[in-house]
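Working notes, beginning with the structure itself.
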Amino acid sequence: MKDMADSVLPPQPRDYAGVNWTGFFTLYLKEVRRFWKVGTQTVMAPVITALLYMMVFVVAVKGARPPVGTIPFAQFVGPGLIMMQILNNAFANSSSSLLQAKMMGLTPDFMTPPLSAEEQVTAFMLGAATRGILVGFVTFVAVAVLAAIAHTPMTFAHPWAIFYFSIGASFCLGLLGVFAGLWSEKFDHLAAMTNFIIMPMTFLSGTFYRVDNLPEPFRSASHYNPFFYLIDGFRYGFIGHAESNVTVGVIVTAVLTLGLLAATWGLFKTGYRLKT
């Protein structure tokens, strides 16, 4: 009888390397389809915002001395705008998804299936990273076209840095969004974290200017802002100039990603503000 029962049981979900691949990809695709359904809002709107910033700042500084050597301002500010969209959209995707799930009582959808904490965190992180990278790529295309029209085409000095820091930034902010979504109990909490932490750290990290031009103590304080290393390393990939040690930026990005990954894994493991 035992053999007969075993023969009709469905296959175990963790049949390869101990990972529930079906559940993991289902949760990941759910996160991707969630923002893709409203692509005009989640993808195109940030691109329009970036182009407006680009036009305003480039026109405002037209004729001014270039911030770095002979590099035009459009080439300097373009990577900062692209990275800003990657950071903001990766954070927004995971944070709003988790908060919405909690407020609508949908957390059992991903807590009940046989998904480990590692699989849940990774799926949310990759979903957020997908949105961040997609918006960043579309923003890059739009900014590159605008820069070419202004006769200041975008350059690629170190492609590896563009790849590394864009992926690292999307992972970091996706994980930070997971933390924010778990911590927040209403959208006011999430808006407060966005307006008072994420946006100031993004704008004060050298997106539109050289940090070296700041007076003390703001110049030194900026080097303690992790977003500074993400933007500086990403810009280094385009123009070949960095205000900090690129090796330090690589290490900071890796440590920040691993630290946030461990922290969010711990929250999912304990069911922090997920289990009622």
Below 8 Å between Cα atoms, with a sequence gap of 6+, how large is the relative contact order for region 138-235 in percent?
31 percent
Per GNM of the chain with C-alpha springs under 10 angstrom, the most fluctuating residue out of Met104, Met55, Met44 is Met104
If each residue's Cβ is checked for other Cβ atoms within 10 Å, how do Phe163, Phe171 rank with the fewest at the top?
Phe163, Phe171
Within region 103-197, GluC sites (Glu not before Pro) in DSSP loop having at most 14 other beta-carbon neighbours inside 10 Å
Glu185
Calculated from DSSP H runs of 4 or more alone, at -39500 (n - 2.57) each and per residue, what is the 222 nm mean residue ellipticity of the chain, nearest 500?
-22500 deg cm²/dmol
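Can you work out the FRET efficiency for the pair Phe25 and Val248, with r the C-beta to C-beta distance and R0 = 30 Å, to the nearest 0.05?
0.25
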Which of (1) 53, 41, 36; (2) 85, 36, 34; (3) 58, 43, 35 is the computed Cα extents along the principal axes in Å? It is (2)
Just to confirm the number: angle between the C-alpha axis of helix 226-239 and the first principal axis of the chain, 0 to 90 degrees, nearest 10?
60 degrees
Output the 0 to 90 degree angle, nearest 10, between the alpha-carbon long axis of helix 21-36 and the longest principal axis computed from the alpha carbons of the chain.
40 degrees
Fluctuation leader among Thr49, Thr22, Thr70 - the chain, Gaussian network, Cα springs under 10 angstrom:
Thr70
Taking only C-alpha pairs under 8 Å that are 6+ residues apart, what is the relative contact order of the chain in percent?
25 percent
Among the chymotrypsin sites (Phe, Trp or Tyr not before Pro) in region 202-276, which ones are in a DSSP loop with at most 13 other Cβ atoms within 10 Å of the Cβ? Mind listing them?
Tyr224, Tyr272
Picking from Thr155, Thr42, Thr139, which is most flexible by a Gaussian network model of the chain using Cα springs under 10 Å?
Thr155
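Only the coordinates and a few stated rules stand behind these numbers; no lab work does. This is a predicted model, so every value here is computed, not measured. Glycine also receives a Cβ, built like all others from the backbone with ideal geometry; neighbour counts cover every protein chain displayed.
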